[in-house]
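Structure below; questions to follow.
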Amino acid sequence: MEGEIVGTYDPMFAVRGAAEAVAVAAKDVAGGRAAWDRPADAANSLERMDHLVSALADLLRQQADALPKLTADPQAVQAAGLVTEAAATAVKLGEQLRKAGGVARDVR
């Protein structure tokens, strides 16, 4: 099948693409080249950001699990712990985005 991934790939490329897309959007909003037209658009954007942060938290947890397995370096365990903390922070950010999105849905 065309476009089918065979085997594994380095997810860094997907992460880089997502990070670049979000950075461009933030720059465009800050520079006045992009804007939300309605409160519902902003609420929908919050929902999409929640999905992004949820996926990020999942990926961080997976990375924390993988890191010590990639090397015998004892610092890998410490790094994995810090990545796990970052995943927990992402989960909290997702909770906050859901709360904000719920309130934003009521804005007219």
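Residues are listed down the side, and each one gets a yes or a no for (1) closer than 28 Å to VAL103 by Cα; (2) under 13 Å from the mean Cα position of the chain (by Cα):
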residue: ALA25; (1), (2): yes, no
residue: ALA30; (1), (2): yes, no
residue: GLN63; (1), (2): no, no
residue: THR84; (1), (2): no, no
residue: ALA90; (1), (2): yes, yes
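Here is a follow-up. VAL107 versus (1) outside any helix (DSSP H, G or I); (2) under 25 Å from THR8 (Cα atoms); (3) not polar (S, T, N, Q): which is the lone unmet condition?
Result: VAL107 fails condition (2) only.
Continuing with this model, one more query. Count, please, the residues in the range 54-85 that happen to be part of a helix (DSSP H, G or I) and over 29 Å from TRP36 (Cα atoms). So that I can check it myself, show each step before the final result.
Start the filter on the range 54-85 by keeping residues that are part of a helix (DSSP H, G or I), which leaves 54-70, 75-85.
Right, trim to over 29 Å from TRP36 (Cα atoms) and you get 60-70, 75-85.
So the count comes out to 22.
Please enumerate the residues belonging to the range 29-57 that are among the acidic types (Asp, Glu) and touching a residue at least 12 places away in the same chain (Cβ under 8 Å).
Going through the range 29-57, the residues among the acidic types (Asp, Glu) turn out to be 37, 41, 47, 50.
Answer for the range 29-57, where residues must be among the acidic types (Asp, Glu) and touching a residue at least 12 places away in the same chain (Cβ under 8 Å): GLU47, ASP50.
Give the range 55-92 a look and list any residue that's under 17 Å from VAL22 (Cβ atoms) and surrounded by 17 or more Cβ atoms within 10 Å (Cβ to Cβ), or say none.
LEU56, ALA57, LEU59, LEU60, ALA90
Continuing with the same structure: Go over the candidates ALA35, ALA100 one by one and state the one that is outside any helix (DSSP H, G or I) and on the phi < 0 side of the Ramachandran plot.
ALA35
The numbers here are math on the coordinates, done by the rules we state, and not lab data. Note that the coordinates shown come from a computational prediction; the quantities given were computed from them, not determined experimentally. Here Cβ is always computed from backbone atoms with ideal geometry, including for glycine, and neighbour counts include all displayed protein chains.
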